[in-house]
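Note sheet for the following structure.
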Amino acid sequence: MLSVDLFSCDCECGCAAKIPPDRLRSILSDLDLPSSASLVIGPETLDDAGVYEISDGRYLVQTVDYFPPVARHPYVYGQIAAANSLSDVYAMGGNPLTALAIVCFPAEEFGLEVLKEITRGAVDKLREAGAVLLGGHSIIDSQPKYGLAVTGIVDRDKLMDNAHARPGDVLVLTKPLGTGVTIMAAKGGLATAEQENEANRCMSILNAAASRLAVEHGADACTDITGFGLLGHAYQMADVSGVSMEIAVESVPVLENALEYAGMGLLSAAAYANRRYVGDHVAFDDDIALPEQDLMFDPQTSGGLLVCCSEKSAELMLAGTREALSVSCGIIGKVTEKERETVIRVRRGIASGKGSQ
Amino acid sequence: MAEIVDARGLSCPIPVIMARRALDAVASGEVQVLVDEEVAKENVSRLARSSGCPVDVVEEGGEFRLRIEKTG
């Protein structure tokens with residue numbers, strides 16, 4: 001039995017380790033990128049994956065994600081890293097086919113048995129997704145990082161992107177928020193075993209079922225909630241779609257104790273970076289407390305899908321998601337006509353709709 | 001006499017953990033927390049406020065001294 005605790009290494013956890021989005025955007029906007037008639041979705045729309053037409057109506061979907069440990073057990077870390085990497089293919093409505101592992105590892109300090117366990121976790125998750133591991137690349141690094149470059153496939157009529165949210169749509173979130181603060185609490189020895197296990201379980205859940213249901217019920221737009229937090233990813237989708245959004249804070253599903261952890265200041269640097277990135281475009285009702293706000297900027301690891309669809313589609317989608325996954329999910333708000341200054345309004349109260357919590 | 005917690009050079013969540021331990025250990029009085037990162041300053045401030053303790057932050061040459069008053 002491996003006794004290594006990956007939380008013992010001193011590093012930013014999971015998707016909190018991302019380079020701030022405002023700085024990333026400036027890099028790509030300065031470059032003259034090659035183009036192609038087959039390029040369907042490139043980096044300009046900040047979507048979850050790139051999409052490239054390989055034959056009439058058939059698209060390749062490509063994405064990559066990797067990050068430092070988000071769980072203390074190597075196997076669980078591998079599972080979550082794989083689920084997180086696969087999620088971007090699901091966010092586009094695609095099915096994953098192949099993966100390449102990206103590995104940075106302190107082989108001398110931790111030993112290769114630990115890397116084997118991480119990889120076993122990832123491979124088991126790939127098997128669950130119906131995808132195969134083709135290989136990967138590894139380097140010695142003082143801080144472990146693990147993830148996958150994933151290639152998937154999607155047909156034109158199933159493709160979902162983040163650019164077609166419509167006023168009148170409702171917003172559906174298919175997993176609870178709070179993984180960022182819970183990971184931080186676990187690292188600090190404050191989370192209970194139950195809270196840590198539940199966060200790990202949620203992060204390990206593939207977004208496959210939620211994606212299939214979103215496609216089946218005709219979603220207008222979809223993204224997954226990861227390192228930029230709910231508000232960061234919602235903002236990107238609203239901005240690219242040319243709409244605004246309203247989120248009802250009490251309808252947002254949240255992991256147990258996550259609000260308390262946010263109140264205690266168990267926030268990563270990325271949580272503050274996310275606030276800087278979109279804070280000027282978000283308006284909170286006056287009675288929304290700071291911990292509630294912080295939770296909405298909290299970077300998520302392997303979060304749920306944020307889907308824009310009709311209320312009727314949402315109810316059908318959620319019934320299927322709850323049955324398949326046993327996770328807290330629901331209608332959290334709606335898409336509205338574009339406002340000039342405010343892109344996201346966060347209101348006290350419950351979202352309308354039978355599918356809301 | 002204030003309890004002083006030196007959390008400089010330590011990354012989150014350790015400053016919050018250390019500050020919380022110090023606040024739990026005193027019935028009342030001042031706890032000072034030293035940090036050298038903006039994120040740690042913000043996090044410890046949030047901890048203080050959620051604990052119902054007034055906090056005053058002073059910047060000292062790129063470092064921060066948080067004076068937290070625990071009322072009994």
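Kindly indicate which of A:Tyr146, A:Tyr66, A:Tyr59, A:Tyr75 is under 17 Å from the mean Cα position of the chain (by Cα) and at pLDDT 95 or above.
A:Tyr146
Take region A:43-74 and flag every residue that is over 30 Å from A:Gln143 (Cβ atoms) and hydroxyl-bearing (Ser, Thr, Tyr).
Of everything in region A:43-74, those that are over 30 Å from A:Gln143 (Cβ atoms) and hydroxyl-bearing (Ser, Thr, Tyr) turn out to be A:Thr45, A:Tyr52, A:Ser55, A:Tyr59.
Please pick out the residue among A:Ala238, A:Ala270 that is more than 9 Å from every other protein chain (Cβ to nearest Cβ), part of a helix (DSSP H, G or I) and in contact with a strand residue (DSSP E or B) (Cβ under 6 Å, 6 or more places away or on another chain).
Just a single option satisfies the conditions, and that option is A:Ala238.
Specify which of the listed residues (A:Gly227, A:Gly265, A:Gly218) is without any contact (Cβ under 8 Å) to a residue 40 or more places away in the chain and part of a loop (DSSP other than H, G, I, E, B).
Step by step, each of A:Gly227, A:Gly265, A:Gly218 is checked, and only A:Gly265 is without any contact (Cβ under 8 Å) to a residue 40 or more places away in the chain and part of a loop (DSSP other than H, G, I, E, B).
Any idea how many residues of region A:277-293 are within 14 Å of another protein chain (Cβ to nearest Cβ), within 23 Å of A:Thr336 (Cα to Cα) and in contact (Cβ under 8 Å) with a residue 24 or more places away in the chain?
Of the residues in region A:277-293, 2 are within 14 Å of another protein chain (Cβ to nearest Cβ), within 23 Å of A:Thr336 (Cα to Cα) and in contact (Cβ under 8 Å) with a residue 24 or more places away in the chain.
If A:Tyr66 passes every condition in (1) surrounded by 20 or more Cβ atoms within 10 Å (Cβ to Cβ); (2) under 19 Å from A:Ile183 (Cβ atoms); (3) in contact with a Phe, Trp or Tyr (Cβ under 9 Å, 6 or more places away or on another chain) but one, which one does it miss?
Here A:Tyr66 clears every test but (1).
A:Leu133: of a type in the set (A, V, I, L, M) and surrounded by fewer than 18 Cβ atoms within 10 Å (Cβ to Cβ), yes or no?
yes
Considering A:Val170, A:Val150, which residue is surrounded by 17 or more Cβ atoms within 10 Å (Cβ to Cβ), touching a Lys or Arg at 6+ places or on another chain (Cβ under 6 Å) and either away from chain B (no Cβ under 14 Å) or without any contact (Cβ under 8 Å) to a residue 60 or more places away in the chain (or both)?
A:Val170
Of the residues that make up region A:128-145, is at least one touching a Gly at 6+ places or on another chain (Cβ under 7 Å) and not in a loop (DSSP other than H, G, I, E, B)?
No, because not a single residue in region A:128-145 is touching a Gly at 6+ places or on another chain (Cβ under 7 Å) and not in a loop (DSSP other than H, G, I, E, B).
Would you call A:Asn162 in contact (Cβ under 8 Å) with a residue 12 or more places away in the chain and part of a loop (DSSP other than H, G, I, E, B)?
yes
Taking only region A:240-251 into account, find how many residues are surrounded by fewer than 21 Cβ atoms within 10 Å (Cβ to Cβ), under 14 Å from A:Val278 (Cα atoms) and over 18 Å from the mean Cα position of the chain (by Cα).
So the count comes out to 0.
Could you check A:Lys187 against (1) within 14 Å of chain B (Cβ to nearest Cβ); (2) under 20 Å from the mean Cα position of the chain (by Cα); (3) charged (D, E, K, R) and say which number it fails?
Among (1) within 14 Å of chain B (Cβ to nearest Cβ); (2) under 20 Å from the mean Cα position of the chain (by Cα); (3) charged (D, E, K, R), A:Lys187 violates only (2).
Please specify each residue of region A:95-137 satisfying the condition of being charged (D, E, K, R) and touching a helix residue (DSSP H, G or I) at 6+ places or on another chain (Cβ under 9 Å).
A:Glu113, A:Lys116, A:Glu117, A:Arg120, A:Asp124, A:Lys125, A:Glu128
Hey, any hits in region B:32-46 for a residue that's within 9 Å of another protein chain (Cβ to nearest Cβ) and within 8 Å of the chain's Cα centre (by Cα)?
The answer is yes; a qualifying residue exists.
If you go through region A:195-209 one residue at a time, do you hit one that is at pLDDT below 95, closer than 26 Å to A:Gly57 by Cβ, away from chain B (no Cβ under 14 Å) and not in a helix (DSSP H, G or I)?
No, there is no match, as no residue in region A:195-209 is at pLDDT below 95, closer than 26 Å to A:Gly57 by Cβ, away from chain B (no Cβ under 14 Å) and not in a helix (DSSP H, G or I).
The values are calculated or read from the model by the stated rules, or taken from the named source; none is laboratory data. Given the structure is predicted, the values throughout are model-derived calculations rather than measurements. Counting neighbours? That spans all protein chains shown, and the Cβs are built from the backbone with ideal geometry, glycine included.
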